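This is the structure, below, for whatever I ask next.
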Amino acid sequence: MIKNMSKKITVMTNRATITLDDDAFAFLEARAEGNRSAYINRLLKEEKQRMIQQQILKANQEEASDLAYQEELADWDVTLSDGLI
């Protein structure tokens, strides 16, 4: 016997009223393919992902330029194979 162990996922939606200038609205109408909400939602998700990637890149660059951190990391590197055969 196989049981269905899938979880029900609930997606919350919110309504918002926004004001767009004529040019922005015309662009939205031309690009949204009939579903403005889905188009705006996709754009916002893409922007959020882009911002997260920028933050990760910045953190990695800061970490790479931190000499004290790099020295400490090198000290711990020798323990990587401890206990491994």
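Between A26 and I52, what is 0.36 nm times their sequence separation minus the Cα-Cα distance? Round to one decimal in nm.
Separation in residues times 0.36 nm, less the Cα-Cα distance, equals 6.4 nm.
Scan [x] 30, 12, 11; [y] 40, 14, 10; [z] 45, 27, 10 for the value of semi-axes √(5λ) of the Cα gyration tensor in Å calculated from this model and give just the label.
For semi-axes √(5λ) of the Cα gyration tensor in Å, the calculated option is [z].
Okay, moving on. Enumerate the lysines that K7 could reach by cross-link, defined here as Cα to Cα under 30 Å, with residues fewer than 8 away along the same chain left out.
Qualifying lysines at Cα under 30 Å: K45, K48.
Along the charge dipole of the chain, pointing to its positive end and built from +1/-1 on Cβ of Lys, Arg, Asp and Glu, which listed residue (W76, M12, L57) has its Cα farthest out?
With unit charges placed on the Cβ atoms, the residue in question is M12.
Run the dipole for the chain about the Cα centre, Lys and Arg Cβ at +1, Asp and Glu Cβ at -1, nothing else charged, and hand back the magnitude in debye, nearest 20.
The dipole magnitude comes to about 1100 debye.
Another question, then. Can you check what the net charge comes to around L57, using other residues whose Cβ is under 13 Å from the Cβ of L57 (Lys, Arg +1; Asp, Glu -1)?
Neighbour charge sum, excluding L57 itself: 0.
Read the figures in this text as sums done on the coordinates, not as results from a lab. Just so it is clear, the model here is predicted, and its values are computed rather than measured. Neighbour counts are summed over all protein chains in view; Cβ atoms, including those assigned to glycine, are modelled from backbone coordinates with ideal geometry.
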